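Okay, so here's the structure we're looking at.
The values are calculated or read from the model by the stated rules, or taken from the named source; none is laboratory data. Values in this document were obtained by computation on a predicted structure and should not be read as measured data. For neighbour counting, all protein chains shown are included, and Cβ atoms are generated from backbone atoms with ideal geometry for every residue, glycine included. We work out accessible area using only protein heavy atoms, side chains counted, and drop any ligands, DNA or RNA first. Shrake-Rupley method; radii C 1.70, N 1.55, O 1.52, S 1.80 Å.
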Amino acid sequence: MQRLVPRGPDFSDKKVVLIGGSFDPVHVGHLQMAKSAQAHCMADEVWFVPAGQPWQKPWQLASNWHRTEMLKLAITGAPGWFIHTSELEREGNTYTVDTLEEFSQLYPAHSFTWIIGGDQVRNLPTWHNWESLFDFANIGMVERAGVSFIEIPPTLQKYHDRNHLIRIPMPTIAVSSTEIRRQAALLDHLDADIRETARTRLRNNLPRSVADYIELEKLYQTPETSV
């Protein structure tokens, strides 16, 4: 089940969509985002880039190992979909601009588009060294549940006008990692009906292999949920 991007320089000419995030856990919304972005950008490959220690989200609930294994399960059978673990291998806070700069050096002939949710656009100017992002990649913004129209902040308008900040249509999928973790915490509940409801909801919002992995490894469960 090896789905990692081969390490080392690659001088081939490719269009690559990059999907960053905690993936804690990866869910159907992430996968639809990848499908929509790949189709819109006509990309050769999709790389999922799990965050190590994102500076704006200073914690993870599942280990790097488990998050990577769930990603591997989720993208099995998807041609051209891979995982790049560079951020997991970096010590300290991880910044997107550093990742993109590293990729531009390792893969100088690749054309990258970094994908963000439409709800993140207004916060983009708060990202570390955000203007340099556009030196290394285009930024694709996808619609998410509850975001019917993406408003471009004035500071980003020039990038939008130059097609460096692009809109990507995506079917609305109302799912969140927070709610998934809440359902996973109920898998060891004493009430069998509650356990089965939680299991069904997980399988509706996750690839079956990921839902089974979470239950097998008892991820996101806490002692409080069994009383």
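Assorted remarks:
- Single unsatisfied condition, LEU216 versus (1) part of a helix (DSSP H, G or I); (2) surrounded by 11 or more Cβ atoms within 10 Å (Cβ to Cβ): (2)
- For the stretch 124-133, filtering for residues that are open to solvent by less than 70 Å² (accessible area, probe 1.4 Å) and under 19 Å from the mean Cα position of the chain (by Cα) leaves 4.
- Pair list, Cβ under 9 Å, 6 or more apart: the stretch 1-17 residue more than 9 Å from ALA109 (Cα to Cα) and at pLDDT 80 or above, other residue open to solvent by less than 40 Å² (accessible area, probe 1.4 Å) and of a type in the set (Lys, Arg): LEU4/LYS72
- Residue pairs whose Cβ atoms lie under 7 Å apart, sitting 6 or more positions apart in sequence or on different chains, and linking a residue in the stretch 174-192 that is open to solvent by 40 Å² or more (accessible area, probe 1.4 Å) to a partner that is assigned to a loop (DSSP other than H, G, I, E, B), are ALA174/ALA145; ASP188/GLN221.
- Subset of the stretch 193-202 that is among the charged types (D, E, K, R) and surrounded by 15 or more Cβ atoms within 10 Å (Cβ to Cβ) - its residue that is farthest from the chain's Cα centre (by Cα): ARG195
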